[in-house]
Structure formats: C-alpha cells, structure tokens
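**Q** The structure that follows is given in the form of structure tokens.
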Amino acid sequence: MLRRLIAGIAMASGCLMGKRKRRHHKTSFPWMLEEKNLFITRTGNEIVTDAGWEKISFEEARKLFSRETFQEWYELFLENTDILEILSESNVDIDLDDESAIDNFLLRSNWTPKQVNLVVAKAIYKNHAWVRGLLISTPDVEEPNFHNYEMEAIRLGVQLRKYIFEDIPVINDCKNAVRYLHGRYALIGWQPRNCVTAAHNLKISQATKVYNELLWDEDWVDEEDEIY
C-alpha cells in the first residue's frame, strides 16, 4: 500500500491512506486559477487546518496503521537507514560486506527505532481538535510534494465541517493545496501561516479525535462522490 501511496504523491493526487471512488467534476484546471481567488477573508469563524510532523514513539505510530501498511513502511525504512547506526545501537559486530548476515540479524532482532516522525493532518474549530495520522516520515519521498499532505488536512477540515453541520470556511496556508481542491469543495481558501497557528501547534495528545487508517477509511467512504 505504501508503494501505491508514493506513486500517488508523485502524481499529486492527494490520496494517502484508504480507498476512495472518484468522480470527475467540471472545474477549471488548478494552475489556471488566479492567486487572488485562492484567498478567503478571515472571519474568525472558520475551520483552521495544517499538516506537519510530530515525533512519537514507534509503538504509538504502529497503532495508527494496518499491519500491511506498516510492514511496507518498515521495509522501506530499513532500506534507507544507516546499518552502522543499527549495529552500533544493538552492540553487534557484523561484517558490513556480508549482506546475508545483516539480513539475518535484522530478521532475528526485530530492531525498531525508539521514535519516529509522524506526518499528520490537523483541523481545529472551537472545542473540536482533530488529527489524522497520514504516514510515518520518509523525508526523501514527502518533502518535494508536501502540498499533498496539506490537501489531506483540508479534507480533514471538510470532514469536520460536515460533522458540526456548519456552513463555514475551511482554511489552509498552502496555496497549491487550496488550488488543487478549490473546484471540489465549497468555501475553502488560503490564509497566511499566522492564521493557522492553532492547527500548526496542535499535538496528538491535545486532540479530541485521532483518526487512524481504518477509522478514516470507514468515515471517508465514497465522500468524493459529492461536493461539499
């Protein structure tokens, strides 16, 4: 599943975890939208969204994803981790040229990092503070396309808007994220970073609702068949 995620990011699809049906809507191409039309006036009564990282324990991160998703991430993580650091931390002496010995060590030891960086989407409105775990950080993949995670933050805000049943704006500080979703959801817009500080600073421990992979897939089923 993680491999499909990476492919989706490369295509700027904004689709992370969970399957969704898609329907084509008549809308202008995102890159044709004038920048002035991305901005939405601040009212003080809007859902504030943001995406970012939070360092949490490996075990806590593990609880947010299916076994299959997590295993695929773990394999990718090992491929991009300095084996010297793992051997040093484990106090093990293995010939670095002996790939078989290294593979056997990793298989037997079940080595895991103590902490990981979790990529999260966040949405806040009054006493509602929602967080969704998107994936465990792999910076070489996520950095060039971080607007995809901001798009997921906007979707989280749209979900929160439906939940509270209020016709209010959903704002985000990433112009490209707003640009790509502008024709799909009503009342979404861009505001500068200082306007989304509350969402930016939100921690998982402060959230009133935390979405794991399974819960999001259940709540978001067929949502993109409609425009909100």
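**Q** Under 7 Å by Cβ, and 6 or more places apart or on different chains, what pairs join a residue from segment 86-102 that is assigned to a helix (DSSP H, G or I) with one that is loosely packed, with under 11 Cβ neighbours inside 10 Å?
**A** A101/D95
**Q** Could you grab me the full set of residues in segment 200-228 that are at pLDDT 95 or above, loosely packed, with under 14 Cβ neighbours inside 10 Å and not in a helix (DSSP H, G or I)?
**A** Listed by number, the residues that qualify are K203, T208.
**Q** Just the residues that are under 20 Å from H128 (Cα atoms) and either over 16 Å from the mean Cα position of the chain (by Cα) or part of a strand (DSSP E or B) (or both), please, taken from segment 164-188.
**A** Pass one, segment 164-188, residues under 20 Å from H128 (Cα atoms): 164-173, 187-188.
I164, F165, E166, D167, I168, P169, V170, I171, N172, L187, I188, listed by residue number.
**Q** Inside segment 68-105, can you point out the residues that are of a type in the set (A, V, I, L, M) and surrounded by 11 or more Cβ atoms within 10 Å (Cβ to Cβ)? Quick ask: steps written out before the conclusion?
**A** Here is the first cut: in segment 68-105, the ones of a type in the set (A, V, I, L, M) are 76, 78, 83-84, 86-87, 92, 94, 96, 101-102.
If the condition is that a residue be of a type in the set (A, V, I, L, M) and surrounded by 11 or more Cβ atoms within 10 Å (Cβ to Cβ), then L76, L78, I83, I86, L87, V92, I94, A101, I102 are the ones that fit.
**Q** Report the residue count in segment 189-199 for those that are open to solvent by less than 20 Å² (accessible area, probe 1.4 Å) and among the polar types (S, T, N, Q).
**A** Qualifying residue count for the region: 1.
**Q** Let me ask something additional. Would segment 126-146 turn up any residue that is among the polar types (S, T, N, Q), modelled with pLDDT of 85 or more, loosely packed, with under 13 Cβ neighbours inside 10 Å and closer than 30 Å to P169 by Cβ?
**A** Taking segment 126-146 as the starting set, the residues that turn out to be among the polar types (S, T, N, Q) are 127, 137-138, 145.
Subset that is modelled with pLDDT of 85 or more: 127.
Remaining after also requiring loosely packed, with under 13 Cβ neighbours inside 10 Å: 127.
With the extra rule that they be closer than 30 Å to P169 by Cβ, the set shrinks to 127.
Yes, the conditions are met somewhere in segment 126-146.
**Q** Any residue at all in segment 50-67 that's open to solvent by 60 Å² or more (accessible area, probe 1.4 Å), under 13 Å from L135 (Cα atoms), of a type in the set (D, E) and modelled with pLDDT of 90 or more?
**A** Within segment 50-67, one or more residues are open to solvent by 60 Å² or more (accessible area, probe 1.4 Å), under 13 Å from L135 (Cα atoms), of a type in the set (D, E) and modelled with pLDDT of 90 or more.
**Q** Now a separate question. Any chance segment 92-113 includes a residue that's at pLDDT 75 or above and basic (K, R)?
**A** no
The values are calculated or read from the model by the stated rules, or taken from the named source; none is laboratory data. Being a predicted model, the structure only gives us computed values, none of them experimental. Glycine also receives a Cβ, built like all others from the backbone with ideal geometry; neighbour counts cover every protein chain displayed. Accessible surface areas use protein heavy atoms only, side chains included; no ligands, DNA or RNA. Shrake-Rupley method; radii C 1.70, N 1.55, O 1.52, S 1.80 Å.
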